[in-house]
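For reference, the structure is listed below as structure tokens.
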Amino acid sequence: MADQERLVKNLIELIKIDSPSGEEDAMDEEVSSRLESLGLKVSHDSYNNVIAKLAGEGKPFMLSAHLDTVEPGRGIKPVVDGGVLRSDGSTILGGDCKAGVAIVLEALEAAKESNGGNRAIEVVFTRHEEGGLVGAHHLDFSMVSAKEGIVFDGEGPPNRIILSAPSQNVVTAQITGRAAHAGLEPEKGISALLIAADILSQLPLGRIDEETTANIGRLEGGLKRNIIPEQAFLDGEFRSRDSEKLADLERKFRGVFDEVASRYPEAKIDLDIVNTYQAYNLDAGSEAVAIISRALAGMGLEPVLESTGGGSDANVFIEKGITAIPVGIGVRDFHTTWETAVIAEVFQGAQMCESVIRGA
């Protein structure tokens, strides 16, 4: 059976391994070694995503999480505070998604110890999930045969099952004005930052409706305080679970950029809007939901079926024909320095995952 003390110890060890997006090698080495010690055959695809297989009964079932974390995520000092795991406040905790990885590893170890048989399992640990699901987009799906699975990457308790998630369009814009000395001849300059501010003041941002959001998360520009800024850069996104609303937002964004550009004919605005993942809306009666629900029922937990405004590797898996459903991993406040992991809920995740592995 899953062991809470061992789970917390392993989770803390994983959290202490720096693995910001693009720097997952140490994390990869650690989890690959642990998977091999548990009897799984470990492989990597050309992007170095981890794909590990455990022989067993029936159709293979996928268990997935991602190896990377957001910044600030270096030198994390995890602290056990009562029944909660947190950082010292100077960094994220990294529960997103180290708790997901730890859940899968603990469940595999517990199932091995029980020696009671298991269903065929395929573990997929992706790289560079944060910032665009890059590892999942590069995953060699010819190496994965499962058609159902779980993505351990959701906020909240493990009975929180995400059946609907949005598409995301990433927005980047490079604005080029004209530099000039701010004290001697400011009238000769064209401020790229003022153009950016004009754009920002007109874009529809924030909560648009219950299934649609938009944000510009980064503005950079300028060189020195005495130079009219020639360059500015905007980095943002918009999301919706409704494709028509997503298309409408794109039209509105392009309209604002075009209108502002028309008022600054001597400046240059290069706008790029790219879709990074597609929305999904799953059937509550799917086999994957049934498998998760049976495991939860054995623990006395009722499944809570929800929609989310966040994306995950599940968006890519589902687009590729794998019904891999995100569930909670006991973590709250993803991507913040006050992120926490509720130990009892992380443990419930491991218990649920163990039940799935054992085919209960």
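Among the residues of the stretch 297-304, some residue qualifies, meaning at least one is in contact with a Pro (Cβ under 9 Å, 6 or more places away or on another chain) and over 26 Å from ALA120 (Cα atoms).
Scanning the stretch 331-345 for residues that are assigned to a strand (DSSP E or B) and either of a type outside the set (D, E, K, R) or free of Cβ contacts under 8 Å to residues at least 12 places away in the same chain (or both) turns up VAL331, THR340, ALA341, VAL342. If only residues of the stretch 95-136 that are of a type in the set (D, E, K, R) and closer than 11 Å to LEU63 by Cβ are counted, the one that is surrounded by the most Cβ atoms within 10 Å (Cβ to Cβ) is GLU122. Restricting GLY349, GLY321, GLY328 to residues that are assigned to a loop (DSSP other than H, G, I, E, B) and in contact (Cβ under 8 Å) with a residue 12 or more places away in the chain narrows the list to GLY321.
Among the residues of the stretch 33-45, the one identified as polar (S, T, N, Q) and touching a residue at least 60 places away in the same chain (Cβ under 8 Å) is SER43.
Taking (1) surrounded by fewer than 19 Cβ atoms within 10 Å (Cβ to Cβ); (2) in contact with a strand residue (DSSP E or B) (Cβ under 8 Å, 6 or more places away or on another chain) in turn, ILE51 satisfies each apart from (1). Taking every residue in the stretch 4-32 that is assigned by TED's automatic domain parsing to the domain that holds THR91 and small (Gly, Ala, Ser) and pairing it with any residue that is surrounded by fewer than 14 Cβ atoms within 10 Å (Cβ to Cβ) and at pLDDT below 95, at least 6 positions away or on another chain, the pairs with Cβ-Cβ distances below 7 Å are SER21/GLY131. Considering (1) without any contact (Cβ under 8 Å) to a residue 24 or more places away in the chain; (2) in the same structural domain as ALA65 (by TED's automatic domain parsing), the lone condition that ALA314 does not fulfil carries the number (1).
Is at least one residue of the stretch 244-264 assigned to a strand (DSSP E or B) and out of contact with any helix residue (DSSP H, G or I) (no Cβ under 9 Å at 6 or more places or on another chain)? Scanning the stretch 244-264, I find no residue that is assigned to a strand (DSSP E or B) and out of contact with any helix residue (DSSP H, G or I) (no Cβ under 9 Å at 6 or more places or on another chain), so the answer is no. For the stretch 268-288, the set of residues classified as surrounded by fewer than 19 Cβ atoms within 10 Å (Cβ to Cβ) and either within 20 Å of the chain's Cα centre (by Cα) or in the same structural domain as ILE195 (by TED's automatic domain parsing) (or both) consists of LYS268, ASP270, LEU271, ASP272, ILE273, VAL274, ASN275, THR276, GLN278, ASN281, listed by residue number.
The values are calculated or read from the model by the stated rules, or taken from the named source; none is laboratory data. These numbers were taken from a predicted model, which means no experiment stands behind them. Please note: Cβ atoms are built from the backbone with ideal geometry, for glycine as well, and neighbour counts cover all protein chains shown.
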